[in-house]
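Here's the structure, in structure tokens; my notes come after.
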Amino acid sequence: MNVDDFVKLVDSVSKLMGVLAWPTVVGFVLVRFGPGLKEFFSSLGELSFKGAGFEATAKRKRDEATAALVAASVSHPDTSVTPGSAAQRAGEAASVVAGAVNAQVIRRASKATALWVDDRPDNNIYERRSLEALGLSFVLAESTDEALDLVAKQKFDVIISDMSRPPDSRAGYTLLNQLRGSGNRTPLVFYAGSNAIEHKAEARKNGALGSTNRASELFSYVLTALNRDY
């Protein structure tokens, strides 16, 4: 079974059994997958729910976010994924959630709305699920014009944009420049195909919060945006 099968398996079984059964899902996957992913999942430790109320809810949300971010981190076909690299990316995803998500973050996310601009929104389903697990709401746009129209009508806490949307190979910057030119200071993150240092520097120079092609880094950027005061 390959990584794509793994992602589909986690998604379908999690839907069926619910996140409370995630340890069971993990156990099943460990039997079917190689030592690379087994090592990662073992490092997550034993998932347990102690007590009730908000503590249990927050724990559940963290586990949901972890599951979705792991799937996002290993599911993109434009990256060369081996069992070893899949385990590394999955481990990074789990570490990001564990280190960044707490009760305060969940409260802020539950009151926030993000605009995601991408002409292929189905490519980012797992990334959105990882943040939706914390309570963040999304509005989707497939073009620069649609995004600008939405921004004119509604306030967003963060904007995520891809870079190239036909026929504009720099549609992300077209959107960013028009937003900043109109005085809109909403934090914007590029989620694009490149993770080159020079592209990250260019994004920051032009007023973006950041640029990445890694799901884990995107997750961190969005949480950073939600914690900033504008």
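Please treat every number below as a calculation from the coordinates, not as lab data. Only a predicted model underlies this, so the values are computations on that prediction, with no experimental measurement involved. Note: ideal-geometry Cβ built from the backbone for every residue, glycine included; neighbour counts use all protein chains shown.
Tabulated data
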{"item": "Anisotropy class of region 124-175 from Cα gyration tensor, a/c 1.5 cut", "result": "oblate"}
{"item": "Placed amide H near Ser211: partners under 5 Å, 5+ positions off or other chain", "result": "Phe190"}
{"item": "By average C-beta atoms within 10 angstrom, highest first, the peptides 128-141, 161-174", "result": "128-141, 161-174"}
{"item": "Sites Asn184 and Ile125 - FRET efficiency at Förster radius 22 Å, r taken between beta-carbons, to 0.05", "result": "0.25"}
